[in-house]
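> What follows is a single structure, and I will ask about it in a moment.
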Amino acid sequence: MGSKGPPGPPGRALQHRITMNDVYDAYKVKSDHEAVARAPRYIIRPDSRRMVTWDLFTSVALIFTTLVTPYEVAFLESSPPGLYATNRLIDGIFIADMVLQFFLMYKIERAESPEKDGTDAGTGTMWEYRLSRIALQYLRTWLLVDVVSIFPSAFDVIEGGSDISDVKVLRVLRAARLVKLVRLVRSSRLLRRW
């Protein structure tokens, strides 16, 4: 009729048997929490109040870039002084965010079973808090995207500080600003974190 469970005393509800893996997992989770608590002060938890505020701040900068950059490239021959200053402020925000990424913990999903990837069975999530591993993870994943998105700012500074009269060069520099839209890829990083 119904599925039979493991044999046990009659009339008693099924009980979970505690295995050595369960004990090890409980110890590992406890030691991970203790290790994160002992992490240096300069390591940032993504779910901290300050980081959530920073993420909102960078999201506003992303929205500004999304809306203003295409308009600026299509319709403005040169940036008005206020827009130029605002663009440099936005660039500063993204550069600061690049620096923060070297100190931001990231999640390490633990395997459900030993067969999946050779790691021990686990429950929940671990946080990577070691600076060298955080930096290596950022170098391997998002650094190139972030550098490419900041690169056109050099053209903006060159164009803003010089008197370029060659129309072809000016068009290339203006079109290069569209590469700033690569910053939109950052939104996937923010969404994935939340």
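> Tally the residues that are open to solvent by 40 Å² or more (accessible area, probe 1.4 Å), under 15 Å from Leu184 (Cβ atoms) and touching a residue at least 40 places away in the same chain (Cβ under 8 Å), restricting the search to the range 67-99.
The total comes to 1.
> Related question: Just to be sure, is Arg189 outside any loop (DSSP other than H, G, I, E, B) and either open to solvent by 50 Å² or more (accessible area, probe 1.4 Å) or modelled with pLDDT under 75 (or both)?
no
> Filter the range 44-58 down to the residues that are of a type in the set (Val, Ile, Thr) and either in contact with a strand residue (DSSP E or B) (Cβ under 7 Å, 6 or more places away or on another chain) or within 15 Å of Gln101 (Cβ to Cβ) (or both), then identify the one that is surrounded by the most Cβ atoms within 10 Å (Cβ to Cβ).
Thr58
> Related question: What number of residues within the range 140-156 are touching a residue at least 40 places away in the same chain (Cβ under 8 Å) and more than 17 Å from Leu62 (Cβ to Cβ)?
Residues in the range 140-156 being touching a residue at least 40 places away in the same chain (Cβ under 8 Å) and more than 17 Å from Leu62 (Cβ to Cβ): 2 in total.
> I would also like to ask the following. If you check Ile43 against the conditions, is it closer than 23 Å to Tyr106 by Cα and touching a Ser or Thr at 6+ places or on another chain (Cβ under 8 Å)?
No.
> Something else: Somewhere in the range 21-28, is a residue modelled with pLDDT of 90 or more, loosely packed, with under 15 Cβ neighbours inside 10 Å and farther than 19 Å from Gln101 by Cα?
no
The values are calculated or read from the model by the stated rules, or taken from the named source; none is laboratory data. Given the structure is predicted, the values throughout are model-derived calculations rather than measurements. A quick note on method: Cβ atoms are made from the backbone with ideal geometry, for glycine too, and the neighbour counts reach across all protein chains shown. Protein only, heavy atoms only, side chains kept; ligands, DNA and RNA dropped before computing areas. Shrake-Rupley method; radii C 1.70, N 1.55, O 1.52, S 1.80 Å.
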